[in-house]
Amino acid sequence: MKFTSLNIFIIAIASCMLHIGCSDVGNKAPENAGTDVGNKEPENAGTDVGNKAPENARTIPKQPAPTKKTNRKSGPFGAGDEALDIVMADPDGNIRKLSDLRGKVVLLDFWASWCGPCRRENPAVVKAYEKYNSQGFEVFSVSLDSNADKWKNAIEKDGLVWPNHVCDLQGWKNAASREYGISSIPHALLVGRDGVIIETHLRGRALETELEKLFK
């Protein structure tokens, strides 16, 4: 085949165009080409854990610190709540009402003859009653007993000389304890002259300190 100058020029141009469009493996990829694992990702690619998220990524909003729960221990009633009235029979069958003591400072005491911690706390309650009763301090004891004789014997043995002792002999199903949400004893609430709870869980020295402030 005879090549003319024009044929040779056309072949040269075609060869040059084919060479420019090809790249071998290992050469730098064109700017719009995909990247291999380990290479730098394009700016709009997703990020791995620990990498900085792109501006349009979804982020978890900062959560407020959890609210600290108020611990009222074994009952839902606390300082500032109005004390519920209690109407129940005493050891002689007479009806006693907590509301009859309005105008006095009252220790509402949930206890039982079978409760060791209650019995150990009784001397402190007796001491407080003897010291402050003449100034307007009363004790209203609600027993969670189910045996009348054991209840009465504990009152006598521990010298609980105040008159306001009540019990319905239903044990943990005692109506007053259920109304107050009592789940453990001893459980004492100090009720002010206006029928509003002053403080709860006052025992021993803590009870003495609170009464000193009220009757100073």
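Since every read-out is calculated from the coordinates, none of them should be taken as a lab result. Remember, it's a predicted structure, so these values are computed and weren't measured experimentally. Cβ coordinates were reconstructed from backbone atoms using ideal geometry, including for glycine residues, and neighbour counts include every protein chain displayed.
When we screen L84, L160 for residues that are surrounded by 15 or more Cβ atoms within 10 Å (Cβ to Cβ) and outside any helix (DSSP H, G or I), the only hit is L160. Checking each residue in the range 177-216 for being under 26 Å from the mean Cα position of the chain (by Cα), aliphatic (A, V, I, L, M) and crowded, with 17+ Cβ neighbours inside 10 Å picks out I182, I185, A188, L189, L190, V191, I197, I198, L202, L207. Taken over the range 112-128, the criterion of being assigned to a helix (DSSP H, G or I) and surrounded by fewer than 19 Cβ atoms within 10 Å (Cβ to Cβ) is satisfied by G116, P117, R119, R120, P123, A124, V126, K127.
Taking the criterion of being in contact (Cβ under 8 Å) with a residue 24 or more places away in the chain, more than 22 Å from V126 (Cβ to Cβ) and within 35 Å of the chain's Cα centre (by Cα), the residues of the range 147-176 that qualify are D168, L169, Q170, G171, W172, N174, A175. Can you confirm whether S99 is in a loop (DSSP other than H, G, I, E, B), farther than 17 Å from K213 by Cα and of a type in the set (S, T, Y)? Taking the combined requirement at face value, the residue does not satisfy it. Scanning the range 123-167 for residues that are among the charged types (D, E, K, R) and out of contact with any strand residue (DSSP E or B) (no Cβ under 6 Å at 6 or more places or on another chain) gives K127, E130, K131, D145, D149, K150, K152, E156, K157, D158. Just one of the listed residues (D168, D145) is in a loop (DSSP other than H, G, I, E, B), touching a Phe, Trp or Tyr at 6+ places or on another chain (Cβ under 6 Å) and not aliphatic (A, V, I, L, M), namely D145.
Of all residues in the range 182-207, those that are closer than 19 Å to S99 by Cα and part of a loop (DSSP other than H, G, I, E, B) total 4. Restricting attention to the range 134-153 and to residues that are surrounded by 17 or more Cβ atoms within 10 Å (Cβ to Cβ) and among the aliphatic types (A, V, I, L, M), the residue that is farthest from I197 (Cα to Cα) turns out to be L144.
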